[in-house]
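S.K.: Provided herewith is a single structure, encoded as structure tokens, for subsequent inquiry.
The values are calculated or read from the model by the stated rules, or taken from the named source; none is laboratory data. Here the structure is a predicted model, which is why all the values come from computation and not from measurement. As a convention, Cβ positions derive from the backbone with ideal geometry for all residues, glycine included, and neighbour counts pool all protein chains shown.
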Amino acid sequence: MEHEEYCARAGAEITRMAEVTVSAALETPVPTCPGWDLAKLIRHTGIVHRWATATVATKATERVAADALDAGLPADVAGYPRWLAAGGASLLTVLREAGPGLPVWSWAADDGGSGWWARRMLHETMVHRVDAELSLGIEPSLDPVAAADGVSEFLLNARLGSRPSQRLAELPAGQTVHLHATDDGLGSGGEWLISLGGDAGYTWSHGHAKAAVAVRGPAALLLLLAYGRVKPDDGRLTVFGDASLLTTWQDIMTL
């Protein structure tokens, strides 16, 4: 996807998340984020948006301290959904003005920049929008193209995440995991071969190959599998081979 499409899709996700929560009881627990309620989920997402906005707007070359930002949180949590939407609007303005090529700090190091942030904000928001909907008993809908891109983005960034990076050495070296999206029209972009082990913890590429464990299902479910929102034994997924390896991979990789 191009930069503007990332921005547009991120905007749609922010709007959707604000809409589904604006009339909700914000003390509702979020099962996919243990210990969180909707208020905390919205607060987290909105602060991440403002952190990204500050990073790009100031052309930061070092990490911006998120806890030092004036997030402007409403005193009443009932105002959180509108606060989320307002911060999202500022984020999109800054990302669009920057374009995709502005060099700024990111936790992806050399792969960062304003374009990286647009892509990251799409998938950050999309997964948390799903968290909100699941907590409210709403069946989430994800576009297969965006979901497939989300799987690739997850694999690019997961080894740099604070939690997975501490456990990558536990991945069983020499084993392979194959994810296969069953949606039409994705081509090789809907298949991922993940080879475990090595200094980076794993390598991956698009394509079809035999693996120690393979899982087939819609791209949306593969994205939620990667993020730990659905389990390998979800009846909507089909697993071939060593199912325990898939469970181990998910446990270690979950952001």
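S.K.: Return the residues of the range 83-115 that are in a helix (DSSP H, G or I), hydroxyl-bearing (Ser, Thr, Tyr) and closer than 25 Å to Arg159 by Cβ; say none if nothing qualifies.
M.R.: Here is the first cut: in the range 83-115, the residues in a helix (DSSP H, G or I) are 83-98, 109-111, 114-115.
Keeping just the survivors that are hydroxyl-bearing (Ser, Thr, Tyr) gives 90, 93, 114.
Of everything in the range 83-115, just one residue is in a helix (DSSP H, G or I), hydroxyl-bearing (Ser, Thr, Tyr) and closer than 25 Å to Arg159 by Cβ, namely Ser114.
S.K.: Now for a different question. Which one of Ala169, Ala148, Ala118 is outside the structural domain of Arg16 (by TED's automatic domain parsing), farther than 19 Å from Leu237 by Cβ and assigned to a helix (DSSP H, G or I)?
M.R.: Working: Ala148 fails: farther than 19 Å from Leu237 by Cβ; Ala118 fails: outside the structural domain of Arg16 (by TED's automatic domain parsing).
Only one candidate qualifies: Ala169.
S.K.: Of everything in the range 172-190 that's of a type outside the set (A, V, I, L, M) and under 20 Å from Pro232 (Cα atoms), which residue is surrounded by the most Cβ atoms within 10 Å (Cβ to Cβ)? Quick ask: steps written out before the conclusion?
M.R.: Just the residues of the range 172-190 that are of a type outside the set (A, V, I, L, M), to begin with: 172, 174-176, 178, 180, 182-185, 187-190.
Okay, now just the ones that are also under 20 Å from Pro232 (Cα atoms), so 172, 175-176, 178, 180, 182-183, 190.
Numbers: Pro172: 14, Gln175: 19, Thr176: 21, His178: 21, His180: 19, Thr182: 15, Asp183: 16, Gly190: 24.
Ranking the candidates gives Gly190 first.
S.K.: Here are some conditions: (1) touching a residue at least 60 places away in the same chain (Cβ under 8 Å); (2) buried (at least 19 other Cβ atoms within 10 Å of the Cβ); (3) out of contact with any strand residue (DSSP E or B) (no Cβ under 9 Å at 6 or more places or on another chain). Val145 meets all but one. Which one does it not meet?
M.R.: (2)
S.K.: Residues in the range 2-45 that are assigned to a loop (DSSP other than H, G, I, E, B), among the charged types (D, E, K, R) and more than 22 Å from Gly72 (Cβ to Cβ): how many?
M.R.: Going residue by residue through the range 2-45, those that are assigned to a loop (DSSP other than H, G, I, E, B) are 2, 22-28, 30-36.
Then keep just the ones that are among the charged types (D, E, K, R); that gives 2, 27.
Going one step further and asking which of them are more than 22 Å from Gly72 (Cβ to Cβ), we end up with 2.
Selection size over the range 2-45: 1.
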